[in-house]
Amino acid sequence: MQNDDVIWDVIRHHHCSYMAKIQTGNFCRNPYNVTGICNRSSCPLANSRYATIRDHDGIFYLYMKTIERAHMPNKLWERVKLPKNYMKALEIIDKHLEYWPKLLVHKIKQRLTKMTQYRIRMVKLSKKVREKIMTVPRKEVKRESRREEKALRAAQIENVIEKELLERLNKGVYPDICNYDEEIFNKLLDKNKEEEQEEEEEEEAEVEYVEGDYELEEEEELEDDIEDMGDFLKANNFEDIEGDEDDLEGQPAKKKVKRAFVQDDGTEKVRRKGKKVIVEVERDEDMGNRQHNVM
């Protein structure tokens with residue numbers, strides 16, 4: 001059988017893998033230790049009769065070890081599930097540890113109290129919204145960026161091939177009947193309809209600015225002035241004027257005073273700049289007014 005004093009002497013003065021020596025004292029990393037301190041009463045290895053509490057996924061269990069199961073390591077610890085209610089858990093501890101040392105029972109209850117408190121704090125913190133710091137893996141980011149670039153290049157190549165095939169279809173390079181994809185054919189039809197609608201809108205919205213037909217109006221006014229001048233010459237003996245013009249051909253004109261055209265009421269009006277030149281009137285100092293029609 002095992003001797004607790006011999007085990008403690010070896011652990012304390014020689015070597016223990018669970019011992020952590022610090023300036024403040026010696027601590028125990030064994031998960032079955034009740035207090036976490038390395039001493040004779042709290043060591044789970046040097047006590048053949050021992051009890052503790054452990055947490056498994058938020059559920060508390062009471063572990064108990066007795067000397068009768070020391071020869072069976074797979075059944076060394078007896079486990080009892082404790083309820084979430086703190087008072088009921090204390091009642092179960094008192095029931096199972098009724099004849100155990102009072103100091104050990106008190107330590108177990110203190111451990112239960114501490115574990116219950118930190119479980120309540122965990123629930124409160126889980127309900128709060130907290131920032132989570134995440135590391136960015138550079139290699140994965142670079143790999144994804146390369147894949148995106150390759151995908152874009154492949155998409156551009158597909159678009160170029162699609163445009164070239166559509167141009168060939170429009171030009172009639174493929175005269176025979178082929179089984180084309182319905183989606184591509186529908187896209188082609190939609191594009192043609194949109195182009196036709198745009199052309200119609202452009203035709204309707206065209207606005208042009210042109211010059212006015214001033215020449216036509218000038219020609220009509222010219223014809224009216226010629227008719228008026230013919231009537232005026234007939235009324236003023238056009239034959240006498242022609243004879244006087246023959247006499248004037250041998251005599252040089254001395255001075256030109258003004259150029260004007262005669263209106264219907266017999267008044268003279270000075271010619272202004274423009275294309276409407278109809279009649280010229282020459283005045284000489286010796287002769288009277290001479291009029292001739294200049295076309």
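Overview of values
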| read-out | value |
| --- | --- |
| Accessible surface of the range 90-182 [probe 1.4 Å, protein heavy atoms]: carbon and sulfur percent | 55 percent |
| Residue 194 paired with residue 12, simple spin-label distance in nm, labels 7 Å along Cα-to-beta-carbon | 9.0 nm |
| Flagged links, alpha-carbon separation over 21 Å, of 65/109; 81/107; 21/65; 88/128; 65/107 | 21/65; 88/128 |
| Net charge, residue 137 excluded, C-beta distance under 11 Å - Lys, Arg +1, Asp, Glu -1 | +2 |
| Per residue, in Å², the accessible surface of the range 62-170 once ligands and nucleic acids are set aside, probe 1.4 Å | 87 Å² |
| Carbon and sulfur %, accessible surface of the range 1-72 computed with the full protein complex present, 1.4 Å | 53 percent |
| FRET efficiency for residue 140 and residue 103, using Cβ-Cβ distance with R0 set to 41 Å, rounded to 0.05 | 0.15 |
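The values are calculated or read from the model by the stated rules, or taken from the named source; none is laboratory data. Remember, it's a predicted structure, so these values are computed and weren't measured experimentally. A quick note on method: Cβ atoms are made from the backbone with ideal geometry, for glycine too, and the neighbour counts reach across all protein chains shown. SASA here: full protein model, heavy atoms, side chains in, ligands and nucleic acids out. Shrake-Rupley method; radii C 1.70, N 1.55, O 1.52, S 1.80 Å.
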